[in-house]
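**Student:** Got a structure for you, questions after.
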Amino acid sequence: MNEANLELLGILVLLLPAAGAVLAGALGSRVLKGTSHWPAILGVGGAAVASILLASQVWLAPRDAGAVHPVLYQWFSPVEGSWFNVEFWIDPLTAIMLVTVTVVSTLVVIYSRDYMRHHNHPERGYERFFAFLALFVFSMSVLVIGGNFVLLYLGWEAVGLCSYLLIGFYYERPSAAAAAKKAFLVNRIGDFGFGLGILLVYLTFRHLDYATVFDAARHALDHDAVGVAAALNIDPSAAAERIGVITHRLPVIALLLFCGAVGKSAQLPLYVWLPDAMEGPSPVSALIHAATMVTGGVYMMVRCGVIFTSSGTVMLIVALVGGFTALFAAIIALAQYDMKRILAYSTISQLGYMFLGVGVFAASSAIFHLFTHAFFKALLFLAAGSVMHAMGGIIDMRRFSGLKRILPWTFWTMLIGGATLAGFPLLSAFWSKDQIIHEALAHNWFLGTLSLVAAALTAFYTFRMIFVAFWGEQRVPEGVSAHESGPWMVSMLVVLAICSIFAGFVGVTVELGGFLGLVQPESGPLHRFLAPVVTAFTQGSAHGAESYTAAEEPMRGFIATISPHWLMYLSSLIAIGGIVVAYIFYVTRPWIPQLVRDAAPRAYRVVNNKFYVDELYDRAIVRPLHAAGVLCWRIDDFVIDGILWLITAVPRLFGFICRSLQQGALQGYGLSMVAGLAIIVILVLFA
Amino acid sequence: MNLAEWILTLVIFAPLAGALLLLLADPRDVKQIRVSALACSIATFLLALWALILYYSAAHAGAVGSFLLEKSVSWFGTSSGIDIRYHVGVDGISIWLLMLTSVLTPLAIFGSFTGIQSRAKEYYCWMLVLQTGMQGVFCSLDLLMFYVFFEFTLIPLFFIIGIWGGPEKARAATKFFIFTVAGTMLTFAGVLYIAYYHYVNSGRGIFTLDIPTLIAFGKMHGIAPAVQWWLFLAFAAGFSIKVPLFPVHTWLPLAHTEAPTAGSVILAGVLLKLGTYGFVRLSLPILPDASLAFAPFMAVLAICGIIYGALAAWVQDDVKKLVAYSSVSHMGFCVLGMFSLKMAGLTGSVIYMLNHGLSTGALFLVVGMIYERYHTRDIHRIGGLARTMPWMAFFLVFFTLSSIGLPGLNGFIGEFLVLLGTAVSNTAKDGFHAGPLGYAYAVPAATGIVLGAVYMLWMCRRVLFGPLTEPPHTPDTSTGLSRDLTAREIGILVPIALACVWIGVYPKPLMEAMQPAIHHNILAAAAIDSTGTAFAEAASPLDGEQLAATDSPRTGRRNVATGGVPAQAGAEPVVRCDSSSTRPGRGGRNAQAPSADRTFTAGGMSEPLSVTHYGTMPASLDPETPLVNTRRD
């Protein structure tokens, strides 16, 4: 790999969107007005071209070339002579992430050109919207290309900021303003752990750049004192002691970093911000809250694979959180009526799959799922946006139906996206999700079952949404003249639909003898590309990770004995089954859902109200903290100032006494003179 | 005339001269008065800029870390035995605080153009006088002069709050004055005692208050630990109230709420830094043992302040009071960082002073701009202003982000380094002994970051977002304001915003100036105690491990620099606390001319000087001297 070339391309990936953001923001309101989308489209598009060039360079390099980490400049310093740098870290994982982020962003930015207009008239804040979108692409690129934990944190916080600004785009709506704040704060709670994790990394390694930290961690796990000494530049005699420290702390670091991932990727228990984030414009939901930003946690865990795989317990926690989130979010999605919220819960659920993938050491499959998910989920959100655009801003499925004919393009593309999400055979998510389920089953029957159940629910709720919205009697909200969206939007839907059909083939090998006699899963070009990055996961069991992938695991032997493709047939069956059940429930026998609702009204209410988690957080955390704030304030006024009043009371009392003596009347002074004289005389005479 | 010697004097007294000239102006010609006041403070800024350039060129010539641009004149002549001096000079810490003052004052004056309508002449005179006072503190290298300037700043601000303040201005001004004076009285007692003590114990027979001399004295642990304790408490009394440290912060919210905008800007931006600067300049280097001993205590107070201030800020209805409480929280970070006694923490702390000055100053400016239009700061009576005031919204969000430490802006650098320094404090990495704090202190402090976001974003949401809410008959544009910010107001905020971005993206020049100064003037003194085996064995709260002292290539150099003392540390740990009383050996050495003593600080990186003396000191110990650090043994 030519390092100078890569560095230049990396700089372009960052600078082009940043320049786009600045131009759109600075010139938008006065000069560009309705054409403010151009700086963003050109900036983000340019970044996409640069990332593709960058990725192709990485692709063409020899597989064992290792990461390139050019240093741009010295940033700030914890100790004289040692600096945290602004530096890149370019390897296959970076390349894949950059391509995913910038390509999807480009499509979404182009789509937004029409979406942010009504009757060909730009919305208020048009330029602001594009400036923020471009700023987001810049931030996300920093997150994935940064070469140390400080830059990771920078990108991490900056994407959170963009998310905040874009969720609150319609800031006059109180719900949007509240959702924006909630998103930022919940993320900050996760970042609290994340930041402490970074501090602990520094405390342990005295460096924050990936090169040193990962190198030292790897050697420490191998108990290679010479390697640790070389990596950390310390005396080999001190290295043995340090190895103990490092191995001791790595699991703690992993758990702290995991807190950040849970917040950013909306996993249990910090997922609550993501459904509310749908208050933002649909392109934002598509890009930030589905395709890219929320996958930051998955990226981070794969990037820090050495740290995470250091402990089997940590990996089990990751897998359990992922598995339970996948199921939990899918259950909630069953009983929602807002299309975008259903998609938001499905995003949470799919992110749960990715976490599960990481947790069962299938990191490249998790990244594969991240890659396909970016396309089909962006497609679904943009299609939902198209529905919303046509329905005059209404997205509640109870208020429209039978849109098949009014919005043909939207319908067909959404059908493709929905089928992909449901895991319909041969579409992209089928491959990626199946790999994760397969690995999960191979590791632990419980996790595998969890993911299979969630897969069935996914197929059901996705098609419930599609059937309710597009089938049935043709009905639109009053006063809305429904129309298919403009060409900028529709063309992007088509592009994304094509991507979500075919993107899966980067992760599988097409050859005779596999699934349906054609395809071999789990050994695609993507996996070969990522192999050098995820060695920590593939060799993970070497570092004590056996704890939960025990040999006596019953499923493991079972899976080994039967055809490797049985699971693919099973999951095809589950997907199609879910779709068929949804068809029965919502098209042919629409009275069944009502029957279910009446049969278990309380359960339905609980699910419909999202298990009351928001209310729980409000009661258990927000209100007590607020009360504590009031208490602090009152303490200031009454306790502290009261004590001070008491202290000052001493001189005040003194002054009060003295003042009463100085009444200014001659008689008084005369009296006290005489009294004093009398006392002295008495003392002299009788003492 | 050598300009480098006089430039600081020029910078300090230029505003005072301007104020005196302004007295001649016609009080009715408000326009002329305010323009000349602004011109004067801008001229001061240019002079300060010149001083900065001179400082950097001198520092590049190799004198990093020591005091530069010095001018030192004895008031009475040294022969009298009372060596009280006019002594100014700056190092990498104070030069930037001087710059902060000279940047914020013109902006504060510019920001008062519409807000101050009555008694304008007096007002601008007081502002300029205040500038002289603050700059004097940062440049003073004589303790008496430092103290005089330190106290002197109270007078102009007392009048600024008391005359041009809000409805409760009299109470606020009095409370502010009495609080601070009560504390600094004790400080003054400490100042006098330290001079007396030095006079008695240094063996030089000179009554001096020269700060570099005292730092050199402190570096050798020249002050008996028991005395250090009392002196530390005396200094802390004045400085903590100024900072303000929990629980003596209650004057601050009131003073801020009642002060006029410019008063708040200067109060938060610069005056609070006088307290932290006092700690950094005096307490830490002169009283190293006591600083070490008190550090956990101070850190706990700081952490209480961080959390307490944040929680209290969250429930305020008055935007200005909210920002005031946020200052309590932020200054907690500042104090926490410095008492980590580590390079990272101290650098973070000093940068935090600048950051807080910039972002909180700017927040007060923005709040003032809102207040001028709506005559209220009640969060319930204004809302959704982003719609009518997009520029204001931009700046409010920007400075909010800077204040809550968004990476890429200034706040992050300070916050991150403070937490980093706190976390690594009890490890022995720097070749110095282990510091007093540790990861266990960083964890509760980090909650301040979450809480900071809570109350600032809550404020933004209420003020900027949601449906537009304005009190009746507003906005008031009678003073020539427009609905959104005027060009003048934008012009005030833009320089601060640029400074925020600069510190966030490329703080390298700052760091390169600060770190040698911190190393030389603070750490070398406070942390020279590498013999302190007590601390070197301090357990990490996390897992009880102790990182080896020799884990970096730098360490080797530092160990050389500290004269190899650590090697013999375990053998004779008592040596370090030797110096409580006069003894013949030391008297002989210290009988050198004062100028020789000064080489301790003026010798650039030739740090070992003090240690060399230290190493060669006769081991005649004073048996009654208690060991400060034995408590951890």
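Just so you know, all these numbers are worked out from the coordinates, no wet-lab data involved. The shown structure was predicted, so the numbers you read here are calculated from the model rather than taken from an experiment. Don't worry about glycine lacking a Cβ; one is built from the backbone with ideal geometry, like all the others, and counts go over all protein chains shown.
**Student:** Between residue B:57 and residue B:17, take the C-beta separation as r, use R0 = 30 Å, and let me know the FRET efficiency to the nearest 0.05.
**Tutor:** My answer for the efficiency is 0.70.
**Student:** Now for a different question. Take B:364, A:656 and order them by how many other Cβ atoms sit within 10 Å, fewest up front.
**Tutor:** A:656, B:364
**Student:** How many times 2.2 N^0.38 Å is the alpha carbon radius of gyration of chain A?
**Tutor:** Its radius of gyration relative to the 2.2 N^0.38 Å reference: 1.18.
**Student:** Further, regarding this structure: Does the protein assembly as shown come out rounded, prolate or oblate, given a ≥ b ≥ c as the square roots of the eigenvalues of its C-alpha gyration tensor, rounded meaning a/c under 1.5 and, failing that, prolate meaning a/b above b/c?
**Tutor:** Prolate shape, in that a/c is at least 1.5 and a/b is the bigger ratio.
**Student:** Further question on the same structure: Considering only B:343, A:657, B:403, whose Cα is most displaced toward the positive end of the charge dipole of the protein assembly as shown, charges sitting on Cβ of Lys, Arg (+1) and Asp, Glu (-1)?
**Tutor:** The listed residue farthest towards the positive side: A:657.
**Student:** Taking the Cβ-Cβ separation of residue A:313 and residue A:31 as r and a Förster radius of 60 Å, what is the calculated FRET efficiency to the nearest 0.05?
**Tutor:** 0.55
**Student:** From other protein chains only, count the Cβ atoms within 10 Å of every residue's Cβ in A:140-150, then give the mean.
**Tutor:** 1
**Student:** Kindly provide the helix-only [θ] at 222 nm of chain A, computed as the sum of -39,500 (n - 2.57) over DSSP H runs of four or more divided by all residues, to the nearest 500 deg cm²/dmol?
**Tutor:** -22500 deg cm²/dmol
**Student:** Place a +1 charge on the Cβ of each Lys and Arg in segment A:1-91 and a -1 charge on the Cβ of each Asp and Glu, then give the dipole magnitude about the Cα centre in debye, rounded to the nearest 20.
**Tutor:** Here the size comes out at about 580 debye.
**Student:** Next up: Just the number: Rg to Rh for segment A:38-177, Cα atoms, Kirkwood Rh, two decimals.
**Tutor:** That ratio equals 1.06.
**Student:** Right, next: Average partner chain C-beta neighbours within 10 Å, per residue of A:192-203?
**Tutor:** Going residue by residue through A:192-203 and averaging, the value is 5.
**Student:** Would you mind working out the magnitude of the charge dipole of the protein assembly as shown relative to its Cα centre, with +1 at each Lys and Arg C-beta and -1 at each Asp and Glu C-beta, to the nearest 20 Debye?
**Tutor:** 2680
**Student:** Turning to a different aspect of this structure: Please compare each pair in B:121/B:320; A:33/A:377; A:433/A:610; B:169/B:320; A:340/A:377; B:31/B:320 to a cut-off of 20 Å on the Cα-Cα distance and tell me which ones are over it.
**Tutor:** The pairs that break the limit, which is 20 Å between Cα atoms, are B:121/B:320; A:33/A:377; A:433/A:610; B:31/B:320.
**Student:** How high is the relative contact order of segment A:258-397, given as a whole-number percent (alpha carbon pairs under 8 Å, six or more residues apart)?
**Tutor:** RCO, segment A:258-397: 30 percent.
**Student:** Classify segment B:287-444 as rounded, prolate or oblate from the Cα gyration tensor: take a ≥ b ≥ c as the square roots of its eigenvalues, call it rounded if a/c is under 1.5, otherwise prolate when a/b beats b/c and oblate if not.
**Tutor:** The shape class here is prolate.
**Student:** Continuing with the same structure: Cut-off under 24 Å on the C-alpha distance; same-chain residues fewer than 8 positions from residue B:508 excluded. Which lysines are left, in chain and number order?
**Tutor:** B:273, B:342, B:429
**Student:** Let me ask something additional. Which helices pass in chain A if a helix is a full DSSP H run, must span at least 27 angstrom along its long axis by Cα, and must have mean Kyte-Doolittle hydropathy not below -1.0?
**Tutor:** In chain A, the long hydrophobic H runs are A:3-27, A:37-60, A:92-115, A:126-145, A:174-205, A:236-264, A:312-334, A:339-359, A:363-390, A:445-470, A:641-661, A:666-686.
**Student:** Within a 10 angstrom radius of each residue's Cβ in A:152-162, how many Cβ atoms of other chains show up on average? Whole number is fine.
**Tutor:** So the per-residue partner count for this stretch is 3.
**Student:** What is the calculated FRET efficiency for residue B:39 to residue A:118, with r their C-beta to C-beta distance and R₀ = 41 Å, to the nearest 0.05? Don't skip to the end; give the middle numbers.
**Tutor:** Working: r = 51 Å, r/R0 = 1.25.
With a Förster radius of 41 Å, E is 0.20.
**Student:** Rounded, prolate or oblate: which one fits segment B:321-412, using the alpha carbon gyration tensor with axes a ≥ b ≥ c (rounded when a/c is under 1.5, else prolate when a/b beats b/c, else oblate)?
**Tutor:** Details: a/c = 3.33, a/b = 2.20, b/c = 1.51.
Note, shape of segment B:321-412 comes out prolate.
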